[in-house]
Amino acid sequence: MAFDTIIHDIHHQHDYKKPELLKEYPFIHVQPVAWGEMDAFNHVNNVAYYRYAESARIGYFQATGLMNGRFDLLTILAYSSCQYLKPVCYPDTLLIGVRIKKLGNTSLELECLMFSKHQNAVAAKAEAVIVRTDKSMKKQPWNENERAVLGKFEGRSEEHTSELQSLRRI
């Protein structure tokens, strides 16, 4: 399913045309690159990409509405990885597409595609596994309502929400 073609950056009042590579991502996080994120090799330090992915994940969950007014829905990051494809330098803006790769019983695999506006190319790919827990950090299954909310946000009807159970490729 293709999503909106215009991305509005509310923090910096810019509109961006959604790149074709991000059309299947229901959420786009706009991430300006800061000068201070560069390292001695004159490109963005690898650690910054993990912060970018974290900000994109948080934005994704906020956009779903799943966490609104809830304090019982807790998650922990169980795994994260990042594959660097092109160095990024200041000034640049990354458009980070976020989508569900797999919805498990208690886990959720998210994938992020980091698109460099300056290079007009994918700069990095990141993945994360989020585990749903309770306050005692015991794993909790995603309930049917949460699955429906995620399925709707991902652009799937309720009867096709089970599609999230299978892997998707970029």
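Quick look at the values:
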{"item": "Out of Thr64, Thr93, Thr75, sole residue that is open to solvent by less than 30 Å² (accessible area, probe 1.4 Å) and over 19 Å from Pro19 (Cα atoms)", "result": "Thr64"}
{"item": "Subset tally (residues that are of a type in the set (D, E, K, R), part of a loop (DSSP other than H, G, I, E, B) and surrounded by fewer than 12 Cβ atoms within 10 Å (Cβ to Cβ)) for segment 120-154", "result": "3"}
{"item": "From Val98, Val131, residue being over 20 Å from Tyr49 (Cβ atoms), out of contact with any Pro (no Cβ under 6 Å at 6 or more places or on another chain) and of a type in the set (Val, Ile, Thr)", "result": "Val131"}
{"item": "Any chance Ala56 is of a type in the set (A, V, I, L, M, F, W, C), open to solvent by less than 30 Å² (accessible area, probe 1.4 Å), within 20 Å of Glu24 (Cα to Cα) and in contact with a Cys (Cβ under 9 Å, 6 or more places away or on another chain)", "result": "yes"}
{"item": "Number of positions in segment 38-84 that are among the aromatic types (Phe, Trp, Tyr) and touching a residue at least 60 places away in the same chain (Cβ under 8 Å)", "result": "3"}
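The values are calculated or read from the model by the stated rules, or taken from the named source; none is laboratory data. All figures in this text were calculated on a predicted structure; none of them were measured in a lab. Positions of Cβ are backbone-derived with ideal geometry, glycine not excepted, and every protein chain shown enters the neighbour counts. Each accessible area value is taken on the protein alone, full model and side chains, heavy atoms only, with ligands, DNA and RNA left out. Shrake-Rupley method; radii C 1.70, N 1.55, O 1.52, S 1.80 Å.
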